[in-house]
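Notes for the one structure printed next.
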Amino acid sequence: MIYEPKISLVIVSRDRPVGLRRLISALRFQTYQNFEIIVVTNLKEPLAAQIKWIAFDKANISAARNLGIQASGGSLVAFCDDDAVPEPTWLENLVEPFHDPDVGVSGGYVRGRNGIGFQWKAQKVDQFGFDRLLVLNDDTKTQTFVAKDGWCPKVQGTNCMFRKTLLQKLGGFDERFAFYLDETDVCWRASQNGWATAIVPTAEVQHGFKESDRRTGNRVPKSLFAEGYSKAYFCKKHGIVVDYSKIFKTFRDAQRKRLLKLMIAGRLIPSDVKKLLKSLDTGFMEGQKINVQASGKLIENDSCGFEPYQATVCVGKIFTGSLFSRSALIKAAIEASQNGAAATVFCWSLTLLFHRRYFDERGFWVQTGGLFGKSERNGRYFQLISLKNRCVKEADKLKNLRKIKEITLFRFKKGKTVVK
């Protein structure tokens with residue numbers, strides 16, 4: 001029997017129509033078909049049909065997610081951010097561990113803004129909200145973990161899935177976590193209630209870190225109040241000590257080190273560092289004043305129904321060439337995507353430039369850089385290689401993520417299928 005449970009994908013979006021439009025454009029290439037899209041946002045007009053559109057104008061991601069859960073018609077609820085783009089096989093891979101009835105949570109790997117380096121792989125968290133690397137035996141296969149020795153597995157909010165019954169039992173997201181440690185709190189409570197968490201390396205999302213009311217486009221924080229507030233509340237909710245001064249000092253030192261790196265990079269000045277640390281201190285003091293209460297009960301609404309999104313049943317195609325073929329590559333990719341293919345453009349200059357991957361809003365993925373440059377951090381700075389062989393090498397890294405079936409090599413405006 002084919003395992004295809006209904007999935008409700010909840011996206012919280014605030015003041016970022018461009019990112020939301022890009023995400024929705026990419027979702028039509030999901031290889032998993034049985035899912036609906038729920039957007040909780042302050043934007044006025046829906047950007048696409050077949051979407052549940054929920055108006056919400058508060059800067060509280062936990063409250064927004066709870067609204068999405070309450071509107072969901074699926075037995076599983078997934079989350080992705082509006083500054084992220086999932087690979088076509090994301091949902092297909094993320095849902096697989098739920099064959100096991102003991103699994104209540106699953107999460108995948110997250111690549112950073114260049115689309116290549118990993119921003120997050122696998123982590124575990126303790127009762128004070130401190131992360132540590134979670135070591136997998138095999139970095140290509142799904143593994144399941146439970147709470148152990150004071151630590152529990154953790155997933156990222158931009159790439160995760162939960163059983164709806166679990167979320168309902170826990171009361172959803174704790175709305176006191178307006179930002180930061182929100183999904184970590186759910187992970188901790190789920191683990192303490194006996195649920196297992198699956199880490200799925202093949203369920204990949206690229207996270208862009210776009211500008212918001214809390215940070216600039218180059219990842220510089222505008223305030224650290226929410227971080228301090230949430231850290232204090234998390235410790236008070238799940239910790240077993242009364243004096244959190246040492247815990248906060250460790251946290252503050254880590255934040256100060258991060259700010260100093262930004263200052264050295266020229267993104268902050270000394271007065272900015274002082275101001276941000278003050279906002280962190282204020283947030284921590286305010287968070288200690290909050291009384292811990294049980295999470296609110298989610299409203300169960302059986303009448304909301306399930307509205308499946310019409311994703312394209314597609315195969316992956318690659319169009320490759322040099323900068324001299326750029327216009328022809330883009331034209332071919334647009335045509336292929338309109339016909340239902342998950343298209344990828346490899347467009348390289350004859351240089352040593354590092355590579356970058358991203359999703360173009362017009363409906364296709366792109367990888368740019370130098371033909372002879374490296375595409376991974378641990379790769380060689382220079383490699384003498386032909387256009388065809390470089391394409392095959394890079395395509396091999398993506399073939400399972402995008403179900404690559406065909407490669408077309410362009411010489412100026414003429415394309416020839418070289419691998420099928």
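So the values come out like this:
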{"item": "Per-selection Rg to Rh, region 296-398 - Cα, Kirkwood hydrodynamic radius", "result": "1.20"}
{"item": "Magnitude of the charge dipole, the chain, Cβ model with Lys/Arg +1 and Asp/Glu -1, debye to 20", "result": "1820"}
{"item": "With every protein chain in place, region 115-233: carbon and sulfur % of accessible area (1.4 Å)", "result": "48"}
{"item": "Within a Gaussian network of the chain (alpha carbon springs, distance under 10 Å), most fluctuating of 201, 270, 46", "result": "270"}
{"item": "Farthest toward positive dipole pole in the chain [+1 Lys/Arg, -1 Asp/Glu at C-beta], among 290, 230, 262", "result": "262"}
{"item": "Estimated translational D of region 240-343 in µm²/s (Stokes, Kirkwood radius over Cα pairs; 25 °C; 0.890 mPa s)", "result": "120"}
{"item": "Value in Å of the Kirkwood radius, where the chain supplies the Cα pairs that are averaged", "result": "22.7"}
{"item": "Radius of gyration and maximum dimension Dmax of region 1-99, Cα, Å", "result": "13.1, 43"}
{"item": "Region 89-227 - Kirkwood radius from inverse mean 1/r over Cα pairs (Å)", "result": "15.6"}
{"item": "Per residue value of the accessible surface for the chain (all protein chains in place, 1.4 Å probe), Å²", "result": "47"}
{"item": "Sulfur and carbon atoms: percent of accessible area, region 263-420 [1.4 Å]", "result": "54"}
{"item": "Chymotrypsin sites (Phe, Trp or Tyr not before Pro) restricted to region 377-420 and DSSP loop, no more than 11 other C-beta within 10 Å", "result": "381, 382, 412"}
{"item": "Residue-averaged [θ]222 nm for the chain, counting only DSSP H segments that reach four residues, each worth -39500 (n - 2.57)", "result": "-9500 deg cm²/dmol"}
{"item": "Sorted largest first, extent of region 142-291 alpha carbons per principal axis (Å)", "result": "47, 39, 26"}
{"item": "Pairwise label distance in nanometres, residue 193 with residue 130, each label 7 Å out on the Cα-Cβ vector", "result": "2.8"}
{"item": "Cα lying deepest toward the dipole's positive end in the chain, options 166, 322, 150, charges on Cβ", "result": "322"}
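The values are calculated or read from the model by the stated rules, or taken from the named source; none is laboratory data. This structure is a prediction, so every number in the text was calculated from the model and none was measured. Neighbour counts run over all protein chains shown; Cβ positions are idealised from the backbone, glycine included. Ligands, DNA and RNA are stripped out before the accessible areas are found, and what is left, the full protein with its side chains, is counted by its heavy atoms. Shrake-Rupley method; radii C 1.70, N 1.55, O 1.52, S 1.80 Å.
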